[in-house]
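S.K.: First the structure, then my questions, so here it is.
What follows is calculated from the coordinates using simple rules that are stated; it is not laboratory data. These numbers were taken from a predicted model, which means no experiment stands behind them. Methodologically, a virtual Cβ is constructed for each residue, glycine included, from the backbone with ideal geometry; neighbour enumeration extends over all protein chains shown.
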């Protein structure tokens, strides 16, 4: 038997155990834009603009060709992913992929959770949001951009029942959002249009064609895009997790049977009974799930408070117990036989 | 002597060599917003808006509090960085941190280069760009947003002498930009204001206070912000690399001697003689470097074509030889004694 000194083996073993359990070996961090088209404008007035103080003015001709309606996608590819499929995280309205990154309180979010769990993770900004960029209006986009106020976010996202501008912010008892980080959260907000759904869907569909088969996790406005993306490419989306979807496809216009091979999971947080609009919002996603089950498909529902997980707001991936909810989602994905 | 079978040692050795040379062990991918303020609007009309087709209309009251003028910062923290200091990559005008991510041709950019080199890397979006978000105008921002046309980018960024809308795109002979990926590059463009410099500088200064000591690499419009950030925190920015800076502080208004302890490097690409505006743009950064040297500081200049590195455009971090230029910058940083 050939031998080696155990001291040397000890050094090798030490080197092997050097990474902390949560560290992960990365092959590439990168990004790309996908989808979109060239818009050509003409007839607009030329301007002279000083871009940097003290520098000469530069003539700016706003007429010409512009890239519009593309989407931004950032990926972290692991050297040795444990999961067989990448996971795509799609944000909700008035927000960007930052939803999934570090939480407003600075703690790790779901992007980091799924990287540590061994997934390649794709975080995107939908058309006109964040790094996807927006386009001139009314020349390219129709309608006007909307900006969410702090009061609207506080109340609509079910952090609490009332928000007084410049005054008291009342939170629901037992709610899980880190309210000391609420103002920090609001820095994540971006303008949105409500006239760009077709362009957004088109870009998501192109993304699915590029990087899937995959698992898709959506939030809020992303829900409807995710349901449609699965209908448009049922062979590509192997599981769909809809976190508090704000809408679902019209059942009279789609064949839900097309996605009976794609397991669906819908996740709802707490306090829906306390904010009336949510009782209406959850109706269509509920009917969509019912129809999918009736068609022989799988549509599980995690009603978190009914499962004993209390206090989650609409922004549950930022709540204090976000890892607990991520673990429930992660375990559900594993049960679909899609991980190893 | 205690022994172990060589087969087992072989397995350990194989495990140790398993990562490809370029892979890197990551502790955390995350992000935060920094800087900014709350703007309060009043007197604007309430609107009813359908956010998701088929869903009930929601009343949108645009009056209230908004987070404005914050900056977005994304980081990749290594488990075992080889470099002693993190590197911060600051983009130019009409663009975002995407400048430093994958190149438009899909190949790795400078973010990946410096991660592989062992740096913690921070990539940011300046105020009103990308994930930093913009704010209502004219209520919050003054002036109008500007969008860059494809023609302006082609000519101003020195890819070629002429661009005909919908027609021929003439490139400089020997230029290094991957012109097949030019339309892809244009998807990275975002709107910009020219009235937000004070807010942008303030956010950069806050970033420096939060994450430095560090090395800062700027591009184009970022150049002026970088020079000022070093003047504002000379103890925090240990080296400053300005890639094609589009401006520099007014020497009658600043004390350049404050940064004589911070080595500066200014890098220029090719074809500056062929696009007249660049002969003017490079004057102030040149004078700034001269003044810094006269004050006893260090201000090196890499005139790439004079060094035999030919064909670089203004977007040299996306050029085919981007790694070659990154290596020159990386070697210069190492020579300042800042890496190990």
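S.K.: Run the numbers on segment A:23-335 and let me know its relative contact order in percent, using alpha-carbon pairs under 8 Å that are six or more apart.
M.R.: 17 percent
S.K.: Which of B:183, A:273, A:125 comes first, and how do the rest follow, when ranked by fewest Cβ neighbours within 10 Å?
M.R.: With the fewest neighbours first, B:183, A:273, A:125 line up as A:273, B:183, A:125.
S.K.: Moving to a separate point now. Counting other beta carbons within 10 Å of each residue's own, what order do B:242, B:252 fall into, fewest first?
M.R.: Ascending number of Cβ neighbours within 10 Å: B:252, B:242.
S.K.: Does anything in segment B:190-231 have its amide N under 16 Å from the 7 Å Cα→Cβ label point of residue A:57, and if so which residues?
M.R.: B:194-195
S.K.: While we're looking at this one, here's another question. Per residue of B:269-282, how many C-beta atoms from partner chains lie within 10 Å of its own C-beta, taken as a mean?
M.R.: Going residue by residue through B:269-282 and averaging, the value is 1.
S.K.: FRET efficiency for residue A:183 and residue A:139, Cβ-Cβ distance as r, R0 = 25 Å, nearest 0.05?
M.R.: 0.15
S.K.: If you stretched the chain out fully between residue A:38 and residue A:195, how much longer would it get, using 0.36 nm times the residue separation minus the C-alpha to C-alpha distance?
M.R.: Residue separation times 0.36 nm, minus the Cα-Cα distance, leaves 54.7 nm.
S.K.: Moving on. Quick one: A:212, B:214, fewest Cβ neighbours within 10 Å first, how do they rank?
M.R.: A:212, B:214
S.K.: Right, another one. Give the calculated FRET efficiency between residue A:47 and residue A:164 to the nearest 0.05, with a Förster radius of 51 Å applied to their Cβ-Cβ distance.
M.R.: 0.75
S.K.: In addition: Need one word for chain B: rounded, prolate or oblate. Basis is the Cα gyration tensor (sqrt eigenvalues a ≥ b ≥ c); a/c below 1.5 gives rounded, then a/b vs b/c decides.
M.R.: Rounded.
S.K.: Using 0.36 nm times the number of residues separating residue B:294 and residue B:307, minus their current alpha carbon distance, what extension gain do you get?
M.R.: 2.3 nm
S.K.: Can you give the mean number of other chain Cβ atoms that lie within 10 Å of the Cβ atoms in peptide B:176-189?
M.R.: Partner Cβ neighbours, averaged per residue: 4.
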